[in-house]
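What follows is a set of notes on a single structure, which appears directly below.
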Amino acid sequence: MFGRAALVIGSVLVTLFLLEVGCRLWRGPSALLDWSNIILAERQATLKAGAGRLKRDSDLGFVLRPGYSEDGVTYDLFGHRLTPAPAGTVLAEPPVLVVGDSYAHGDEVSDEETWAALLQPLIDRRTVNAGVSGYGLDQIVLRAEQQVPDVKPAALVLVFIADDLRRSEMSRVWGAEKPYFEPAGETLTLRNVPVPPSPAPAASLDLWQRLFGWSVLVDTILRHKGWQYEWSIDHVRVLPRGAGEAMACPLLKRLAGLGVPTLVVAEYDPYVWKNADYAGEQRRLSRSVLDCARAAGLGTLDLFDAIDGGVRRDGYAAMFRTSHPGPLGHRIAAERIAEALKQGYMPPR
């Protein structure tokens, strides 16, 4: 009996080893030579990518690094992304303040290509882009509360994608510690503030990630199933799934308390145009947030139809880069946001 069990176990182990080698051969010769932990390498790369343009903040977790400039991305001394206007353009004050995630910040396009910059000549008013890549809806609202007293804007534009709700359920995103709210009905209690230092990538791996993080076979299976993101990215969940959606209404009521004319804008990540089931859920979540905004007395704009029209007319590749809109997508967003602002969410010049 023991010999038979050993034979079975040995056969399974040999099969798994051969599958591992096969996956490595499929990925290329370099995978046969590098048996380091894949998850650790990804987390180290994420930390390195953000180290230059982001800095730790005890209230928000992380903010844009003042004075940063590289590859067409520039931040001023206040930690806002530059919004260059066409030469000779005279822009009114006070400005429109932009808050949000990477879709507000303008990942994957240059300063002058962001919708926040393109918006200025359309409304004849300066914009201040305080969007920060990776923020959850909770951080976006906190960022608005932080910036409004300093900027004193004529209007506020908040841009979100549905994934920002999930991020609100975390105390750590992409390896960076963040604040979060603990809900109790309509009451929100701020937690994890002051925000503690983020752990080193090697310290963030759990037992299973240490044991199997080196496996290309495991990585391949998880990528095929669409689970690799959750497996490898360093997020720490502190609230149950769905809590982010439930907090949207209290968060937007809190935003309305700032007393600034506000437009809440739903953007969509490109995977919406690759998976119908995913698209349906993202649109449902976005509608839920926009319903909360309207209930709080805020203006709303859903960009799905405008983006979808661009994809149908010009093609997916023309609208998107890797994970964000390209210049065409930003131009369409600027035009729609300008129209919405002129309908009553911004005082006349």
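Would you mention how many residues in segment 313-327 are open to solvent by 30 Å² or more (accessible area, probe 1.4 Å) and either in contact with a Leu (Cβ under 7 Å, 6 or more places away or on another chain) or farther than 10 Å from Val109 by Cβ (or both)? Result for segment 313-327: 7.
Can you name every residue in segment 12-26 that is open to solvent by 70 Å² or more (accessible area, probe 1.4 Å) and aliphatic (A, V, I, L, M)?
Within segment 12-26, Val12, Leu13, Val14, Leu16, Leu18, Leu19, Leu25 qualify.
The C-beta contact set for segment 200-218 (first residue under 13 Å from Trp174 (Cα atoms) and among the polar types (S, T, N, Q), second residue open to solvent by less than 70 Å² (accessible area, probe 1.4 Å) and modelled with pLDDT under 90, distance under 7 angstrom, 6+ apart or interchain) comprises Ser204/Arg43. Determine whether Glu177 is closer than 18 Å to Arg65 by Cβ and either open to solvent by 10 Å² or more (accessible area, probe 1.4 Å) or among the hydrophobic types (A, V, I, L, M, F, W, C) (or both). Spelling it out, Glu177 is indeed closer than 18 Å to Arg65 by Cβ and either open to solvent by 10 Å² or more (accessible area, probe 1.4 Å) or among the hydrophobic types (A, V, I, L, M, F, W, C) (or both).
When Thr74, Thr89 are checked against the criterion of being of a type in the set (S, T, N, Q), in a strand (DSSP E or B) and open to solvent by 10 Å² or more (accessible area, probe 1.4 Å), a single residue qualifies: Thr74. Taking segment 27-44 as the range and being open to solvent by 60 Å² or more (accessible area, probe 1.4 Å) and free of Cβ contacts under 8 Å to residues at least 12 places away in the same chain as the test, the residues that pass are Pro29, Ser30, Leu32, Leu33, Asp34. Select from segment 276-309 the residues that are acidic (Asp, Glu) and within 23 Å of Leu255 (Cβ to Cβ) and write down the one among them that is most open to solvent (accessible area, probe 1.4 Å). The extreme case among them is Asp291. All of (1) in contact with a strand residue (DSSP E or B) (Cβ under 6 Å, 6 or more places away or on another chain); (2) open to solvent by 80 Å² or more (accessible area, probe 1.4 Å) hold for His224 with one exception: (1). Only a single item in (1) out of contact with any Ser or Thr (no Cβ under 8 Å at 6 or more places or on another chain); (2) of a type outside the set (Lys, Arg); (3) open to solvent by less than 50 Å² (accessible area, probe 1.4 Å) is not met by Leu207, and it is number (3).
So that you can scan it fast, the table gives a plain yes or no per residue for (1) aliphatic (A, V, I, L, M); (2) modelled with pLDDT under 95; (3) open to solvent by less than 10 Å² (accessible area, probe 1.4 Å):
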position	(1), (2), (3)
Gly242	no, no, no
Ala246	yes, no, no
Leu255	yes, no, yes
Gly259	no, no, no
Leu263	yes, no, yes
Ala266	yes, no, yes
Trp273	no, no, no
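For residues that are buried (at least 23 other Cβ atoms within 10 Å of the Cβ), in a loop (DSSP other than H, G, I, E, B) and not aromatic (Phe, Trp, Tyr), scanning just segment 92-141, find the one that is nearest to the chain's Cα centre (by Cα). Within segment 92-141, the match that is nearest to the chain's Cα centre (by Cα) is Asp101.
The values are calculated or read from the model by the stated rules, or taken from the named source; none is laboratory data. These figures come from a predicted structure and were not determined experimentally. We place every Cβ from the backbone using ideal geometry, glycine too, and count neighbours over all the protein chains shown. What goes into the accessible areas is simple: the full protein's heavy atoms, side chains included, and nothing from ligands, DNA or RNA. Shrake-Rupley method; radii C 1.70, N 1.55, O 1.52, S 1.80 Å.
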